[in-house]
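Have a look at the structure below before the remarks.
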Amino acid sequence: MAVLFIALWGWRAEDLRASLHKEYRYRGEIALRSIADQLAGNLDGHFHDLTFFRRSLLELDQNPQLLTSAKKSAMITFQSTHRGIAAIHLLDAQAKKIIWSSEGQSPIPLLKVTEFTQLKRNPDYLIGRRVVLLKNKIWVMPMREHLLNHQGQVVGYIGSPFRLSRLKNIHTPADMDILITGASHIPVAFWKSGTWQLPAPQDRWTGHYLRVEVPGYPWTAYVRWSSSAFAHNFWRQNIWQSIPFIAILLFLLILDRLSVRFLRQLLDLRQYQQAALLMQQSLLIQTKPKAMYARLVETIVRETNAVAAFVLGPDPMTESLQISVLEADQKDLRESLVTWITAPNLKDLRNGSFLPERVFRSGQAEEIRFRDEVTENSPVMEKRPQLRRIRSMIAYPIILQDAAQVEAVLVVAHAKTKHFSQALKALIGQLVSSVGLALTLWKRHNALADAEAEIRKVAYYDSLTGLANRRLLNERLQKGLARASQNSQSIALGILDVDDFKRVNDQYGHDAGDALLVIIARRLEEALRSADCVARWGGDEFVLLFEGLEKRQVLEDVLLRLERALESPAKLSHGVLLPVRVSLGIYFCKDAGMIENQDVMLRCADQALYAIKAKKLERSRFWMIYDAELRLQSESEALGDMATQ
């Protein structure tokens, strides 16, 4: 019998060892994929910053290597607000000389051209090997992008060293070692017991380890676990007993309970692994934070045996935590949780303070377990007995990696007191880290979109009046001519000049002159039709584009509306009233096909403006029309022709 018990114990011990190997492999695979995705996300973010400079600042000009003081200032300002960017370099077409550097670096690059690897998914991206900056004694990974001219030819490179110390934010399991190697198997980074180290060790790994390719990069991630850590974890769950029969029998009973418990933990771990895989797949599509949170809690409740999961975020007005999303396996429990979380009295079931608030302040995960006397005697439980199902809660901070700040708190509730094992806690922590990375990338994408919108605003709109500038007007004029020709409609272009504007600046100051220009711009916008366009041409001149004119009578109606809008004085600061006097020269063409180019319209409108300004003391209207068929008309002729149309 003793031999049988020993044989049974040996079989269970081997089964336990095999299960532990599976558990380590499962954890290693999840950790390795998460680390590889986070590493790729960090590198992608750095390349996106270079792409932003290349497309929005450098490649707009025919010669991208021509640096103006504004471009240099923009890149230096961007670097000062992004701690991950150590420097920005511009290199020649052969990448043998640094033309400009934000850090004043030597003209000799850190690495040769042959020491860079071109990425397959984007041939314009190049990544080098790790190297140490002797000046600051920091390890970096040089990264470059092709700098293209308008013909798509490579005329240079824009580069920036990636600080390898940024990888410290990547969460790794404490009982596993992680190694990252680059091209030619050169070590890039190494995590020992969850701590990032540099330089990476050169020894060869033995024992159990897994490998995963970093998505989109010529890098490989390895994970291993030491025999001592495995043995420690094994003997912690398998306590050796004496050989006598009773002791062996007792040992077998204890081992059986441990096996059942371990299998339950393994089942729970697999459920959370499935939830993590589904969540990581959904995070590949960048959505708004609330949609990410909703997908997260829905996946946890559906794929695991958790009774509830919810995310709390700070209210921008009160700075207190509010429910962002909440999911439960039963409707009654969901309603009870909402009532409990939003109740004015926040002491019940919270050990004196609200668990998510503690986690939000500390930035550290925390677990609580509810005692029977608390759940049975709580006044809240008497009103909401569904809450008695909850026996344990664990809360994790969702942290933005760029700012290292807590964005929200994830809370998972379970019906068992000792449900959250260390392996399960580590897996949930990795899942939360993936959500934090997705939020970081989403915010970075939005910031890049806002920056591009701001650049477009500066490029196409006047900074004083907010009207379209010359560049945007030329584009709209070109499209307007095409539409007028296609629809057989008339088109008109006017140049409006403010009379005696220099006297306003001399008498009241340039601030008053600017205020007058803004007032005129607003009145012009309000008086024109939606199909028309007004742009500031420069100084005190505006250009008006009239489209969709079926006949000249329509143009006359618009001009009369402009006259009414401009006839009232402009009220400036300190109660100063200035009369608004303007002159307008208009070029009108009944057939857009007659127009040779845009310069013809501007030149003819300018002739009409010159003619009406010469008669500003004796005119009855402030405009004069240059007709494409009748040439320049006097004021009475223009009005007469309009009246007959």
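The values are calculated or read from the model by the stated rules, or taken from the named source; none is laboratory data. In this text the structure is predicted, and so the values were computed from the model without any measurement. For neighbour counting, all protein chains shown are included, and Cβ atoms are generated from backbone atoms with ideal geometry for every residue, glycine included. For accessibility, only protein heavy atoms count, side chains too; no ligands or nucleic acids. Shrake-Rupley method; radii C 1.70, N 1.55, O 1.52, S 1.80 Å.
Taking the condition of being of a type in the set (S, T, Y) and either modelled with pLDDT of 90 or more or open to solvent by less than 70 Å² (accessible area, probe 1.4 Å) (or both), how many residues in segment 470-488 meet it?
Qualifying residue count, segment 470-488: 1.
I'd like to know if segment 16-35 contains one or more residues that are assigned to a helix (DSSP H, G or I), within 18 Å of R444 (Cα to Cα) and not β-branched (V, I, T).
No: zero hits.
Of everything in segment 36-52 that's touching a strand residue (DSSP E or B) at 6+ places or on another chain (Cβ under 6 Å) and aliphatic (A, V, I, L, M), which residue is modelled with the lowest pLDDT?
Among those residues, the one meeting the criterion is L50.
Kindly list, by first and then second residue, each pair from a residue in segment 192-216 that is within 30 Å of D124 (Cα to Cα) to a residue that is modelled with pLDDT under 75 and not in a loop (DSSP other than H, G, I, E, B), limited to pairs with Cβ atoms under 6 Å and residues at least 6 apart or on different chains.
Listed by first residue and then by second, the contacts come to nothing, as the list is empty.
Considering each of A512, A535 in turn, give the residue that is under 30 Å from G575 (Cα atoms) and part of a strand (DSSP E or B).
Every option except A535 fails the conditions.
Residue by residue through segment 489-506, note down the ones that are open to solvent by 10 Å² or more (accessible area, probe 1.4 Å), at pLDDT below 90 and part of a strand (DSSP E or B).
Selection gives nothing.
Restricting to segment 507-558, name every residue that is surrounded by 20 or more Cβ atoms within 10 Å (Cβ to Cβ), touching a Gly at 6+ places or on another chain (Cβ under 8 Å) and among the hydrophobic types (A, V, I, L, M, F, W, C).
C533, V543, L544, L545, F546
Go through segment 85-103 and give me each residue that's touching an Asp or Glu at 6+ places or on another chain (Cβ under 8 Å), assigned to a strand (DSSP E or B) and closer than 25 Å to L167 by Cβ.
Selection gives I85 alone.
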